[in-house]
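Undergrad: Once you've had a glance at the structure underneath, I'll fire off some questions.
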Amino acid sequence: MPDQPHTATASERSRLTAFGDHLITLHDELRRDIAALREEASRLSADGDIPDPLLLPERLHSHCLSFCEALDAHHTTEDRSVFPFLAQEHPELSEVLDRLTSDHRIMASLLADLRKAAATPSAPDFPTDLERLSVELITHLDREEHYLVPVLNSLTHFPGH
């Protein structure tokens, strides 16, 4: 018997309703993390004792790599499970999902640039790369929340349940 979507019970419906809210919580964590990275980077470039080109302290380098991994994992989950499920259940979202997937590809390239900048002994491009990623990320998160949270909070079933 093929996997049939399972209609949610009252308690499952409560959990499902929180799915969109959970996405906002995850996004808020990403917003806080990138803001903290930007703050750390701005303090470095404002400090007259930092040699040119900019050298990243280990804590900033580690924070950057952790953030990049978390963002990459978040987007991978969306691309592999959330977006395909929503595309099947809500075909009217196809243009939005295509745009969000495109955003993920753009950010993957920006993440690669940021990781490369953070990994070099001198990191003159790090602040610029971080700013480019930040602008793209915030725009993407806002777009995703605007279009997807109402749909996610109205779900009555999960795939495979």
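The values are calculated or read from the model by the stated rules, or taken from the named source; none is laboratory data. These numbers come from a predicted model, not from an experiment. Positions of Cβ are backbone-derived with ideal geometry, glycine not excepted, and every protein chain shown enters the neighbour counts. These accessible areas exclude ligands, DNA and RNA; they are computed on the full protein's heavy atoms, side chains included. Shrake-Rupley method; radii C 1.70, N 1.55, O 1.52, S 1.80 Å.
Undergrad: If Val96 passes every condition in (1) within 20 Å of Ser62 (Cα to Cα); (2) open to solvent by 10 Å² or more (accessible area, probe 1.4 Å); (3) in contact (Cβ under 8 Å) with a residue 12 or more places away in the chain but one, which one does it miss?
TA: Going through (1) within 20 Å of Ser62 (Cα to Cα); (2) open to solvent by 10 Å² or more (accessible area, probe 1.4 Å); (3) in contact (Cβ under 8 Å) with a residue 12 or more places away in the chain one by one, Val96 breaks only (1).
Undergrad: Name every residue in segment 99-127 that is closer than 22 Å to Asp28 by Cα and among the β-branched types (Val, Ile, Thr), in order of residue number.
TA: Hits for segment 99-127 are Thr101, Ile106.
Undergrad: Is it the case that segment 123-130 has a residue that's more than 18 Å from Ala41 (Cα to Cα) and touching a residue at least 12 places away in the same chain (Cβ under 8 Å)?
TA: The first filter runs over segment 123-130 and keeps only residues more than 18 Å from Ala41 (Cα to Cα), leaving none.
No, the conditions are met nowhere in segment 123-130.
Undergrad: State yes or no: is Leu130 of a type outside the set (Asp, Glu) and over 20 Å from Arg31 (Cβ atoms)?
TA: On the way: of a type outside the set (Asp, Glu): yes; over 20 Å from Arg31 (Cβ atoms): no.
It is false that Leu130 is of a type outside the set (Asp, Glu) and over 20 Å from Arg31 (Cβ atoms).
Undergrad: Now a separate question. Which count do you get for residues in segment 99-128 that are among the charged types (D, E, K, R) and over 21 Å from Glu39 (Cβ atoms)? Show your work before the answer.
TA: Let us first name the residues in segment 99-128 that are among the charged types (D, E, K, R), namely 99, 103, 105, 113, 115-116, 125.
Imposing the further condition that a residue be over 21 Å from Glu39 (Cβ atoms) reduces the set to 99, 103, 105, 116.
Counting residues in segment 99-128 that are among the charged types (D, E, K, R) and over 21 Å from Glu39 (Cβ atoms) gives 4.
Undergrad: Hey, another quick one. Kindly provide the set of residues from segment 76-112 that are under 17 Å from Asn153 (Cα atoms) and basic (Lys, Arg), ordered by number.
TA: If the condition is that a residue be under 17 Å from Asn153 (Cα atoms) and basic (Lys, Arg), then no residue fits.
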